[in-house]
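Visitor: I'd like to ask some things about the structure below.
The values are calculated or read from the model by the stated rules, or taken from the named source; none is laboratory data. Note that the structure is predicted; figures quoted are calculated from it, not measured. Cβ coordinates were reconstructed from backbone atoms using ideal geometry, including for glycine residues, and neighbour counts include every protein chain displayed.
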Amino acid sequence: MGEKVLMKGNEAVAEAAIRAGCRHYFAYPITPQSELIEYMSRMMPKAGGTFVQAESEIAAVNMVYGAAGCGKRVMTSSSSPGISLKMEGISYLAGAELPAVIVNVQRGGPGLGDIQPAQGDYFQATKGGGHGDYRMPVLAPSTVQEFADMADLAFELGDKYRTPVMILSDGLLGQMMEPVDFKPRKTEAEMEELDKQHFDWCIHPNQDEPNRHHHEINSLEIDPLILEKHVIHLGEKFDKIEANEVRYEEYKLTDDCEYLIVAFGTAARIAKSAIDELNVEGVKIGMIRPITVWPYPYEAIRNALTPKIKKILVTELNLGQMIEDVKLAVEGKVPVEFLGKVGGILFTPQEVKDKIKGM
Amino acid sequence: MQVIAKRPDSLTDLNFTYCPGCTHGISHRLIAEAIDELDLRNKMMGVAPVGCSVFAYKFFNFDMAEAAHGRAPAVATGMKRARPDMHVFTYQGDGDLAAIGTAEIVHAANRGENISIFFVNNAIYGMTGGQMAPTTLPGMKTSTSPYGRDEQDIGYPIAACELLDSLRAPYYIERVSLLSPQDIIKAKRAVLKALKYNKENRGFTFVEFVSTCPTNWGMTPLDAMKWAKENMYPFFPVKLFRDKGEEGGK
Ligand SMILES: Cc1ncc(C[n+]2csc(CCOP(=O)(O)OP(=O)(O)O)c2C)c(N)n1
Ligand code: SF4
């Protein structure tokens, strides 16, 4: 501790991943995440790990599938168009119950879009994206420090629940510099423990062990009755994650608040500045910032609905995606308004203030 | 009592789910025997494809992964990088390897990954019911080329060995066939060689099996063998393309 360094979000999350025990990283270049793959290409060999620049995002996520099947902490990263290509692989990771970390440094879309920050992949990340009945924890950082901390958290959640985990960032957080405090790097002994933790199911060399049936990394179950059981098992796991892993931040939220903003990631950063200024001007307003966007903090939003709350404002860098979850939480009890920006344009705190004043 | 023939340790005791007379069973057995003979089972891992051999992960008796359609070489890359002390092969059909998975096989070969690829070329999509494959022969009728493959419209069959032979990195590339007992003996030698090089971590090794699909070709197994010899060899000649081991190593 105590070694605060000024770093870009893309580099900070890469460094934090290495410290968390990630020694396998596979990816394909794309703006605005290229600092991440470049950092890994420099630092992975020095950490004694594997870096492969894959021929595509599809290949990269399937390399992840192979390494994760061997029980290793493994990561890939991309930006929106590349994440679309990874969706097949993410579905397979979820089906085969493999822990892995996928970083999405979002940019404007749809299609090739642009290379500016956006939050247009919220639906894709939280509501599926890949085929089939699966869920995946999705962590949404709003500072470079939090982006870095989420590497460790994502690996922990992945190992705990045997699931892929996504960090849903954006081009602003990826490329801006902020001071970061890193956790110490895992020791050799800790790395050995990590390697062994999945030996009951993963691919590993001790196949001669008595009574060891060979391990199968697989998402196929041709018998519907067996697949039914498997999917029900997955469902129970998702329930557990929803019960235990919801994370959010309350900002300036007090019992006498009249307005509530709900925002995540970069949009929440901007909203915070607006809230600070509005508070000074006497407007009673606070915020709930989902940190996990799946599982979603429905309960926290519901609990914030005191009789004093007049209106809720959702701000996002898209046409309105997370607002659907806010409305689910609010159940029509309070009007929910929206402020969005698209095309990779950010709103200013002043625009948020004007919106609140007009409500 | 002397054991003359037994099931290789590298196969589980599950019965194959292949059609009678299908060559998938033969290629499985050759691979399993070679792994036993090289004493590699304890360190072996494999990747099953999507295709008729999708259940290969149940048939081989060591740790296996089932890959998405065409992605086996990428999955094997991840596995070998994660467990460099182990050895990995993929087992893939022609749709898997030469259509949907073309990028993955070319780039795994080009990186010279330390993996073995066993490629079953039966000129058709078996599992999905006999559609046209990238290796389907000109004029050959399938359920999606009902008037015969028109090479002017959809191109000629892709020859995987020839394609990969244009790359520098691969260590060993050979095409063998499973169309007669003599061919099978030669095929066994090729499988052994690929896995021996794999055991020695020499690089990328590739063996293609000219195979049959009696069911979807609509022939008896014997007719299928005969048809394959007459029609597949002109496009897929049995041949050693490259053996860096014979040339004195890399
Ligand atoms: C992404 C995707 N596309 C299509 C399929 C359907 N599919 C399953 S097997 C197969 C063809 C396999 O043919 P081949 O690789 O030649 O193997 P064979 O069955 O002949 O052994 C196809 C198209 C699939 N499972 N996944
Ligand atoms: S459909 Fe063809 S390739 Fe598949 S098992 Fe039957 S004979 Fe073999």
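Visitor: From the set of residues in region A:6-58 that are of a type in the set (Lys, Arg) and either away from chain B (no Cβ under 14 Å) or assigned to a helix (DSSP H, G or I) (or both), which is nearest to A:Lys183 (Cα to Cα)?
Guide: Restricting to residues being of a type in the set (Lys, Arg) and either away from chain B (no Cβ under 14 Å) or assigned to a helix (DSSP H, G or I) (or both), the top hit is A:Arg19.
Visitor: Here is a follow-up. Just to be sure before I move on: is A:Val61 among the hydrophobic types (A, V, I, L, M, F, W, C), assigned to a strand (DSSP E or B) and either out of contact with any helix residue (DSSP H, G or I) (no Cβ under 8 Å at 6 or more places or on another chain) or at pLDDT 95 or above (or both) in the structure I sent?
Guide: Values: among the hydrophobic types (A, V, I, L, M, F, W, C): yes; assigned to a strand (DSSP E or B): no; either out of contact with any helix residue (DSSP H, G or I) (no Cβ under 8 Å at 6 or more places or on another chain) or at pLDDT 95 or above (or both): yes.
No: the conditions fail for A:Val61.
Visitor: Quick one: what pairs do we get from region A:210-238, first residue more than 14 Å from chain B (Cβ to nearest Cβ), second assigned to a loop (DSSP other than H, G, I, E, B), C-beta under 6 Å, 6+ apart or different chains?
Guide: Between residues of region A:210-238 that are more than 14 Å from chain B (Cβ to nearest Cβ) and residues that are assigned to a loop (DSSP other than H, G, I, E, B), the close pairs are A:Val231/A:Asp133; A:Phe238/A:Arg135.
Visitor: When you scan region B:144-250 for strands (runs of 3 or more DSSP E) that lie fully inside it, which ones turn up with 2 or more residues that are out of contact with any helix residue (DSSP H, G or I) (no Cβ under 7 Å at 6 or more places or on another chain)?
Guide: B:239-243
Visitor: How about region A:162-182: which of its residues are closer than 30 Å to A:Gly69 by Cβ and among the hydrophobic types (A, V, I, L, M, F, W, C)?
Guide: Those that are closer than 30 Å to A:Gly69 by Cβ and among the hydrophobic types (A, V, I, L, M, F, W, C): A:Val165, A:Met166, A:Ile167, A:Leu168, A:Phe182.
Visitor: Can you tell me which residue in region A:198-257 is nearest to the chain's Cα centre (by Cα), limited to those that are within 30 Å of A:Ala274 (Cβ to Cβ) and loosely packed, with under 13 Cβ neighbours inside 10 Å?
Guide: Top of the filtered list is A:Thr254.
Visitor: Another question, then. Scan region B:49-91 for residues that are more than 8 Å from chain A (Cβ to nearest Cβ), surrounded by fewer than 22 Cβ atoms within 10 Å (Cβ to Cβ) and within 13 Å of B:Ile115 (Cβ to Cβ) and jot them down.
Guide: Within region B:49-91, B:Pro84 is the sole residue that qualifies.
Visitor: Among the candidates B:Ala103, B:Ala98, which residue alone is in contact with a helix residue (DSSP H, G or I) (Cβ under 8 Å, 6 or more places away or on another chain), within 11 Å of chain A (Cβ to nearest Cβ) and within 16 Å of ligand 1 (Cβ to nearest atom)? Give the steps one after another, and end with the answer.
Guide: Details: B:Ala98 fails: within 11 Å of chain A (Cβ to nearest Cβ).
Exactly one residue qualifies, and that residue is B:Ala103.
Visitor: Can you list the helices (runs of 4 or more DSSP H) found entirely within region B:1-103 that contain at least 3 residues being within 16 Å of ligand 2 (Cβ to nearest atom)? Quick ask: steps written out before the conclusion?
Guide: Values: elements: B:24-37, B:56-59, B:72-82.
In region B:1-103, the matching helices (runs of 4 or more DSSP H) lie at B:24-37, B:56-59.
Visitor: Another question, if that's okay. Can you name the number of the only condition in (1) buried (at least 24 other Cβ atoms within 10 Å of the Cβ); (2) within 14 Å of chain B (Cβ to nearest Cβ) that A:Asp121 fails?
Guide: (2)
Visitor: Next up: Filtering region B:1-48 down to residues that are in contact (Cβ under 8 Å) with a residue 40 or more places away in the chain, within 16 Å of ligand 1 (Cβ to nearest atom) and within 14 Å of chain A (Cβ to nearest Cβ), which residue is farthest from B:Gly130 (Cα to Cα)?
Guide: B:Gly46
Visitor: In the list B:Ser177, B:Ser145, which residue meets the criterion of being under 30 Å from B:Thr17 (Cβ atoms), within 16 Å of ligand 2 (Cβ to nearest atom) and touching a strand residue (DSSP E or B) at 6+ places or on another chain (Cβ under 8 Å)? Outline the logic, then answer.
Guide: Details: B:Ser145 fails: within 16 Å of ligand 2 (Cβ to nearest atom).
B:Ser177 is the lone residue from the list that is under 30 Å from B:Thr17 (Cβ atoms), within 16 Å of ligand 2 (Cβ to nearest atom) and touching a strand residue (DSSP E or B) at 6+ places or on another chain (Cβ under 8 Å).
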